[in-house]
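Everything on this sheet refers to the single structure shown next.
No lab work stands behind these numbers, since they all come straight from the coordinates. The structure presented is a predicted model; accordingly, all values stated were derived computationally and were not measured. All Cβ positions, even for glycine, are placed from backbone atoms using ideal geometry, and neighbour counts span all protein chains on display.
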Amino acid sequence: MAVESIRYIKVDVDSRIPKYKQVVDSIFGAIREGHLRMGEKIPSINEVSEECLLSRDTVEKAYSHLKEQKIIVSVKGKGYYVAKTDLSSKINVLFLINKLSTYKMRIFNSFVQTLGTNANVDLDIYHCEPSIFIKVLHKKVNQYDQFVIMPHFKNENLQHMGCTEEILEVIGAIPQEKLIIMDRNILSLSMKSGRIYQDFIDDIYAALSKGLNKVKKYQKIILVYPRESVYPYPKGIVTGFKRFCIEHNFDYEILDEIYESMELQLRDLFITIEESDLVNLVKQVRDRHFKLGDEIGIISYNDTPLKELLGITVISTDFKKMGAEAAHMLLNGKKSVVKNDFNFIDRNSV
């Protein structure tokens, strides 16, 4: 492919334009016209030097100029590759998330809308798989000006896990001034990086404490926390929930899911995380003619427009604010560490 692409490099020996710039302009032109695509290999310095009758110094100068503009990258032992196909002055951002969900897309959309026309943003998903995450960053670490990453992973037992040494090493390979970590606080990173995080232990504890006057009319609190899930949830949610119940002397239970024909009791309060559990629970409450918000209570984790429409009480971070905060860090060129707001939003189900 690199041998074929050499035909796009045109050098006019009679032109007064410096020959190194003609090489640069040729590469730019080939990218604009779609002849060279992202990740495509380009001719080596020796190939261009021999084919175009140029000195190696001239070609090296051209390639150095292209590397400075992040148009190409060099891979040791392999050659040079196209790293950017958008040749405008906009910054290129990789937005790397663990799963495609309503909540993640609200963050992403807020981020993109706040940036406006100032950046090109690519969305990539690694499905909580450490191996995919590592592979994506190894491949793309030199292709973007900024990285926004949500690091949530699962182990072989489909349980949420922290960052391994290998994961931290890959994240650490990104220049810290080009990095924003979202949704969790990785303390080992330098202060040059940005962090917008949730504190999963304190957040649920504080939110339930804010709603204590509503919560205390129930006799038992049941957290529906899927211990094994394709996209597992942070264990800090369980820790914060237990802490709240113990400190306020609540009887509590933790279930994996809302089962069919649940043994519902008057004055039970359920906290659901997954949408399917919320739907199943609401259906059972209605089928048995319990009065929602009085005889049976429901709090859902993470807010959505549909939950607002249905009057479901939620405990939730502010997804829109999280995305906007990350965008402002990029626009202002100032990275900081910010704990995102987490709220108890009282509606009709408690």
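Residues in the stretch 137-195 that are in contact with an Asp or Glu (Cβ under 6 Å, 6 or more places away or on another chain) and either within 16 Å of LEU94 (Cα to Cα) or exposed (fewer than 13 other Cβ atoms within 10 Å of the Cβ) (or both): MET150, LYS192. Considering the stretch 286-350, the qualifying strands (runs of 3 or more DSSP E), each wholly inside and each with 2 or more residues that are among the aliphatic types (A, V, I, L, M) and touching a residue at least 12 places away in the same chain (Cβ under 8 Å), run over 296-301, 313-317, 337-339.
Filtering the stretch 261-275 to residues that are touching a residue at least 24 places away in the same chain (Cβ under 8 Å) and either among the hydrophobic types (A, V, I, L, M, F, W, C) or loosely packed, with under 15 Cβ neighbours inside 10 Å (or both) leaves LEU264, GLN265, LEU266, ARG267, LEU269, PHE270, ILE271, ILE273.
Would you be able to say whether some residue in the stretch 276-283 is surrounded by fewer than 15 Cβ atoms within 10 Å (Cβ to Cβ), out of contact with any strand residue (DSSP E or B) (no Cβ under 6 Å at 6 or more places or on another chain), on the phi < 0 side of the Ramachandran plot and among the hydrophobic types (A, V, I, L, M, F, W, C)? So far as the stretch 276-283 goes, yes, one or more of its residues are surrounded by fewer than 15 Cβ atoms within 10 Å (Cβ to Cβ), out of contact with any strand residue (DSSP E or B) (no Cβ under 6 Å at 6 or more places or on another chain), on the phi < 0 side of the Ramachandran plot and among the hydrophobic types (A, V, I, L, M, F, W, C).
Report the residue count in the stretch 24-61 for those that are on the phi > 0 side of the Ramachandran plot and under 33 Å from the mean Cα position of the chain (by Cα). Number satisfying all stated conditions: 2.
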